[in-house]
1. Could you please let me know if Leu113 is over 16 Å from Gln227 (Cα atoms), open to solvent by 40 Å² or more (accessible area, probe 1.4 Å) and touching a Gly at 6+ places or on another chain (Cβ under 8 Å)?
2. Please work out which one of (1) over 20 Å from His185 (Cα atoms); (2) in contact with a Phe, Trp or Tyr (Cβ under 9 Å, 6 or more places away or on another chain); (3) open to solvent by 10 Å² or more (accessible area, probe 1.4 Å) is the condition Ser92 fails and give its number.
3. So Asn200 ticks every box in (1) open to solvent by 50 Å² or more (accessible area, probe 1.4 Å); (2) in a helix (DSSP H, G or I) but one. Which box is left unticked?
4. Would it be correct to say that Lys239 is out of contact with any Gly (no Cβ under 8 Å at 6 or more places or on another chain), of a type outside the set (Gly, Ala, Ser) and at pLDDT 95 or above?
5. Got a sec? Which of Ile15, Ile52 is assigned to a helix (DSSP H, G or I), under 16 Å from the mean Cα position of the chain (by Cα) and either modelled with pLDDT under 80 or β-branched (Val, Ile, Thr) (or both)?
6. Look at Phe50 and say whether it is surrounded by 17 or more Cβ atoms within 10 Å (Cβ to Cβ), under 24 Å from Glu221 (Cα atoms) and not hydroxyl-bearing (Ser, Thr, Tyr).
7. Please indicate, with yes or no, whether at least one residue in the range 127-143 is touching a residue at least 60 places away in the same chain (Cβ under 8 Å), assigned to a helix (DSSP H, G or I) and of a type outside the set (Val, Ile, Thr).
8. Identify, from the list Asp171, Asp75, Asp159, the residue that is in contact (Cβ under 8 Å) with a residue 24 or more places away in the chain, open to solvent by 10 Å² or more (accessible area, probe 1.4 Å), among the acidic types (Asp, Glu) and in contact with a Ser or Thr (Cβ under 7 Å, 6 or more places away or on another chain).
Amino acid sequence: MAPTATEGNGSEAHIGASRKAAVGTPPALPKFASKEKEREFLKFRLAQAFRIFGKLGYDEGVAGHITVRDSIRPDCFWVNPFGKHFSLIQPSDLILVDHHGKVQAEESGPNKLLNTAAFMIHSAIHAARPDVNCAAHSHSVYGRAFSTFGRHLDMITQDSCAFYQDHGVYDQYGGVVLNEDEGAHIVKALGDKKAVILQNHGILVASDTIEATVHFFIALEKSCQVQLLADAAAAGHGKEAGHHQRTQTPR
């Protein structure tokens with residue numbers, strides 16, 4: 001059974017321009033009777049996020065991870081155990097890790113094997129960006145394919161404009177992320193944005209909630225797919241997709 005929560009006020013961070021796109025009161029973020037209840041809820045939602053990623057085919061062997069900052073210990077985050085398929089993850093499987101890579105054994109699931117790359121990337125993001133509560137990275141097909149170009153998305157559709165001046169590019173691929181320096185480089189490329197394209201690697205999204213991170217990850221993956229399709233179709237006609245509005249000016 002899903003953990004319960006009471007409704008709170010809507011988040012201004014998520015409303016933005018959507019005030020003009022809908023009529024009525026925006027959905028409210030939940031409030032909790034205790035930090036323990038909030039932790040339970042976050043673990044449940046994180047497990048759901050993994051199930052969604054699994055259903056959408058964002059898994060690739062043991063690669064990929066989503067993390068959420070712990071409500072009780074903000075210097076720790078919950079992450080999937082190494083080797084567990086996205087589609088099988090339950091809240092009880094998640095492991096709690098501090099920013100130094102130490103697994104909190106008493107609070108973690110039975111499989112306490114930590115993906116080194118997950119720690120190196122996500123610990124750096126959570127430490128550098130206190131505004132980020134959730135970060136997601138996987139080797140999804142279209143994000144990975146588009147990442148090989150090492151460039152920003154072109155603003156060729158209404159949907160891709162969600163990432164206008166709000167995504168970075170990391171074009172110095174250093175292999176599997178097994179050291180702190182590579183994690184720091186990725187954080188620098190992300191900057192204060194919500195997404196970064198990792199050349200020859202894939203895509204990463206970071207935001208203040210699990211729901212927003214999942215939404216924007218799916219949106220970015222689809223934007224990469226549309227970009228690839230549009231470029232391929234345009235090349236067949238000797239043209240350039242959306243040539244009059246292709247670029248964005250990096251911040």
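The values are calculated or read from the model by the stated rules, or taken from the named source; none is laboratory data. Owing to the predicted nature of the structure, the values given are computational and were not obtained by experimental measurement. Counting neighbours? That spans all protein chains shown, and the Cβs are built from the backbone with ideal geometry, glycine included. Only protein heavy atoms, including side chains, enter the accessible area calculation; ligands, DNA and RNA are left aside. Shrake-Rupley method; radii C 1.70, N 1.55, O 1.52, S 1.80 Å.
1. yes
2. (2)
3. All conditions are met except number (2).
4. No; evaluated as a whole, the condition is false for this residue.
5. Result of the check over Ile15, Ile52: Ile52.
6. Against the criterion (surrounded by 17 or more Cβ atoms within 10 Å (Cβ to Cβ), under 24 Å from Glu221 (Cα atoms) and not hydroxyl-bearing (Ser, Thr, Tyr)), Phe50 qualifies.
7. Yes.
8. Just a single option satisfies the conditions, and that option is Asp159.
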